[in-house]
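The values are calculated or read from the model by the stated rules, or taken from the named source; none is laboratory data. Owing to the predicted nature of the structure, the values given are computational and were not obtained by experimental measurement. Using ideal geometry, Cβ is built from the backbone for each residue, glycine included, and neighbour counts are taken over all protein chains shown. Note: areas computed on protein heavy atoms with side chains; ligands, DNA, RNA excluded. Shrake-Rupley method; radii C 1.70, N 1.55, O 1.52, S 1.80 Å.
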Amino acid sequence: DEYKRQILTASIFITRRRYSMLDAQFWKDIAFGFWETTYMVFLSTLFAYILGMPLGVLLVVTDEKGLKPIPWLNKTIGFIVNILRSVPFVILLIMIIPFTRFLVGTASGSFPTIVPLTVAAFPFIARLVEGSLKELDGGIVEAAKSMGATNMQIVTKVMIPESVPSLINGAAIA
């Protein structure tokens, strides 16, 4: 029966080649694709946190109730983050092709895909970090201020360590 034969061989078309699940090359290609996907996701997440974490901290610090209120900077960064969050990924991928070519040298392949993935993810990370830091009890920051801590010390030794559980929860969501 033709239907049963198709189910047993589970043939699929990938790049104009016919594969069978019983074929060794099929499993090599699956393993390679799994590896490519893993390193693209890992590196883009790493770079998104490298960009998003400082932006999230900056959004909290420059907020009107923050450690150093700078409304124009907060509104500017917030506007940029909101614009980047609202652009659909496919459109962002196409818009960012020149930047990707400039940065990586090419715009196609698994390695250059890390650039648009990072650009798409870091605004979300910035908002997750902002939300995590804003969850902190204001009394903790006030206590650090009353003990003479500088703004940098408050951020690095109080706010970030105290919000680690929420940041880890945000990382699981991202």
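For this structure, a couple of remarks:
- Every residue from region 115-169 that is assigned to a loop (DSSP other than H, G, I, E, B), more than 30 Å from VAL41 (Cα to Cα) and hydroxyl-bearing (Ser, Thr, Tyr): THR150
- Pairs are defined by a Cβ separation below 7 Å, a sequence spacing of at least 6 or placement on different chains, a first member in region 68-83 that is farther than 15 Å from ALA120 by Cα, and a second member that is open to solvent by 60 Å² or more (accessible area, probe 1.4 Å); the pairs so defined are LYS68/ASN151; PRO71/GLU64; ILE77/LEU58.
- When the test is whether a residue is polar (S, T, N, Q), more than 26 Å from ASN169 (Cβ to Cβ) and assigned to a helix (DSSP H, G or I), THR100 passes it.
- Residue match in region 95-107 (condition: in contact with a helix residue (DSSP H, G or I) (Cβ under 9 Å, 6 or more places away or on another chain) and charged (D, E, K, R)): no
- All conditions but one from (1) under 25 Å from ALA174 (Cβ atoms); (2) surrounded by fewer than 16 Cβ atoms within 10 Å (Cβ to Cβ); (3) of a type in the set (D, E, K, R); (4) more than 17 Å from the chain's Cα centre (by Cα) apply to LYS145; the one that does not is (1).
- Tally of residues being in contact (Cβ under 8 Å) with a residue 12 or more places away in the chain and among the basic types (Lys, Arg) across region 130-151: 1
- Number of the exception - THR106 against (1) touching a Ser or Thr at 6+ places or on another chain (Cβ under 6 Å); (2) assigned to a loop (DSSP other than H, G, I, E, B): (1)
- Applying the condition of being open to solvent by 30 Å² or more (accessible area, probe 1.4 Å) and of a type in the set (Gly, Ala, Ser) to region 122-142 and asking which residue is nearest to ILE97 (Cα to Cα) yields GLY131.
- Matching residues, region 65-94, being in contact with a helix residue (DSSP H, G or I) (Cβ under 6 Å, 6 or more places away or on another chain) and in a loop (DSSP other than H, G, I, E, B): GLY66, LEU67, LYS68
- Among the candidates ALA171, ALA126, residue that is touching a helix residue (DSSP H, G or I) at 6+ places or on another chain (Cβ under 6 Å) and either small (Gly, Ala, Ser) or on the phi > 0 side of the Ramachandran plot (or both): ALA126
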